[in-house]
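Q: To start, I am sharing the structure in question, which I have written as structure tokens.
Every read-out reported here was derived from the displayed coordinates using simple, explicitly stated rules and does not represent laboratory data. This one's a predicted model, so the numbers in the text were calculated from it and none came from an experiment. Cβ atoms come from the backbone with ideal geometry, glycine included; neighbour counts cover every protein chain shown.
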């Protein structure tokens, strides 16, 4: 059962994720048909908390993607150009149902909240090495850290090659904002095998949003984060509960990290969350939409 009593079939299997991608795939190719389970599985009925202002750059529209400016009244230094797929783009459905394309179509609430969380404490990132995992087309949190903090380096990653190409375009467009921070992107998937030697035990901070719900990758994600961080390093992660999936990740991570899980981590976001709950589960289901903070700290010598 979801936290509001909504039944979520097969939440702890990949079938729920696949159903969500079928919904998104239909939308992308202009198919307005529906399925009785769409209301249960769809998360896009809630778009975002409105923590940032985004405006389309009209003279840079194309047939497949648009550029947006992302700014904030709260964080004056934030002024990014972000490239996102257009909703009417022609996308092969099979590509959406293959490798996890979680962040490839849109910026999810967890990514939005993680970005906001990072910008609330820019001094923490000074001289730190940062990597974002599974950031999709935009890696919004990672690129915001690169632009607004004095991190020594930021590596933006995703497991989809098209996403990495998009990240390269965004890095080039925003390079004047990075100051002395070295920013790069690369293809990175989690799974069996050793992490690349140039990444092992290199990072002070791992960022990751809404990547817990694929059963087959959860243990691999824990292992990858552990390999990337050096002792004392931290992973800043946000994800909704999605039934038992967040707790399943926390259980696995507790074997290797000190773990802190927090629901009420920011007064502003908590207030917005409470306001959205009043609208009811047809518009906002906290089990699917409210990002919980999961902080992992690596201890020991390995």
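Q: Ranked highest first by average number of other Cβ atoms within 10 Å, how do 243-250, 69-76, 189-196 line up?
A: Values: 243-250: 19.1, 69-76: 14.8, 189-196: 12.8.
Going from most to least packed, we get 243-250, 69-76, 189-196.
Q: Using 7 Å Cα-to-Cβ label points, what is the residue 123/residue 266 separation (nm, one decimal)?
A: 1.9 nm
Q: Using per-residue counts of other Cβ atoms within 10 Å, averaged over each peptide, order 127-137, 218-228, 170-180 from highest down.
A: 127-137, 218-228, 170-180
Q: Moving on. Test of understanding: extend the Cα→C-beta vector of residue 180 to 7 Å, then name every residue of the stretch 118-157 with backbone N under 12 Å from that spot.
A: 126-128, 150-153
Q: Using the per-residue mean of other Cβ atoms lying within 10 Å as a proxy for protection, in what order, highest first, do the peptides 271-278, 146-153 fall?
A: Details: 271-278: 14.0, 146-153: 21.6.
Highest mean packing first, the order is 146-153, 271-278.
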